[in-house]
Amino acid sequence: MTLLRIFCITVLAALLFVCPSGNGLALAQSREQATQAEQKDRDIDLDTQLYLLIATNQDVQEKLPPILEPLMKQLRTSLPFKNYRLATTLINRVKNGGRLNLKWIGGPFLTVGATTAGTPSFNEFRVNVVRLFRDTEGREIVSMEGFSFGARVPIQVGSAASAVASTAPPAPVINYEPTGLTTDISMREAEPVVVGTLNVGSSGEAIILVMSAKQAAH
C-alpha cells in the first residue's frame, strides 16, 4: 500500500468521523425546528371570555353582546325560556398551556328569590390546562381540560315575621344552594360555545355558561 493511498484512507475516515450523515443532519434540523415551534407555542397568550347568562320566564328585556347572537338563536329554539339576560362577563388572560383559577363574590344572579344585594352569590371558575393547537384541517382549536364552574346561589324558601316590629313586612328566608359542572371542552378560536346549563332550585330560572377564547393581541 503506497503512502498516497494510506493518506487518502486516513483523510476519508477523518471526514466521516467529523461530518454527520445527511440523515443525522436532517434529524438535528428537525429537532431544532420542533424546539423553536414549542417555544413559539409557549409564548402565546390567550384571552378567555366566560359569559354567564340567566334564562328566565320573567319580563326581562336586555340587549346581549353581538358575538352571542348566533348562539341565542339556537338557545331560543332549544330551551323553554322567554328571555335571557347577561349576568356577568369574565375576561382573563392565560399563557398557552397554563391554568386559570378565579373566585369572586357577585351580586344576585337571579331575578326570583334573590331580591337584594345583601344576598350575593359565591362563585368559582377554574381550568386546569388551556391549550391552543391545530386540528387535522389546520384550524386553530382551544382546548380546556378540567373546566369547572361552581356557585352557591341564594334561593328564597319562605318568609318570617320581623322580630323588631309586628307591623314590619315579613323578612325573606334565604338558603344558599350549590350548583356547578366540571367537564373537558374544545372550541374553535374566537367562536363562543355553550358549555352547559344549570337549573337553579325552584326559581324557574337557569344559568347558561358560554365560553370563548382567542389569541391575545400584542
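The values are calculated or read from the model by the stated rules, or taken from the named source; none is laboratory data. Being a predicted model, the structure only gives us computed values, none of them experimental. Don't worry about glycine lacking a Cβ; one is built from the backbone with ideal geometry, like all the others, and counts go over all protein chains shown.
Might you check whether a residue that is under 22 Å from residue 76 (Cβ atoms), touching a helix residue (DSSP H, G or I) at 6+ places or on another chain (Cβ under 7 Å) and either part of a strand (DSSP E or B) or touching a residue at least 12 places away in the same chain (Cβ under 8 Å) (or both) occurs anywhere in the range 177-187?
No: zero hits.
So, of the residues in the range 104-117 that are surrounded by 14 or more Cβ atoms within 10 Å (Cβ to Cβ) and not β-branched (Val, Ile, Thr), which turns out to be modelled with the highest pLDDT?
Restricting to residues being surrounded by 14 or more Cβ atoms within 10 Å (Cβ to Cβ) and not β-branched (Val, Ile, Thr), the top hit is 106.
Give the range 175-218 a look and list any residue that's buried (at least 16 other Cβ atoms within 10 Å of the Cβ), modelled with pLDDT under 85 and of a type outside the set (Gly, Ala, Ser), or say none.
200
So, of the residues in the range 58-77 that are of a type in the set (Lys, Arg) and within 18 Å of residue 197 (Cα to Cα), which turns out to be surrounded by the fewest Cβ atoms within 10 Å (Cβ to Cβ)?
Only one residue tops the list, namely 73.
Considering only residues that are in a strand (DSSP E or B), under 12 Å from the mean Cα position of the chain (by Cα) and loosely packed, with under 15 Cβ neighbours inside 10 Å, which ones fall in the range 91-103?
Within the range 91-103, 91, 93, 101, 102 qualify.
Just one of 120, 154 is of a type outside the set (Asp, Glu), at pLDDT below 85 and more than 29 Å from residue 218 (Cβ to Cβ); which is it?
154
Looking only at the range 75-90, count every residue that is in a helix (DSSP H, G or I) and without any contact (Cβ under 8 Å) to a residue 24 or more places away in the chain and tell me the total.
Here the count works out to 3.
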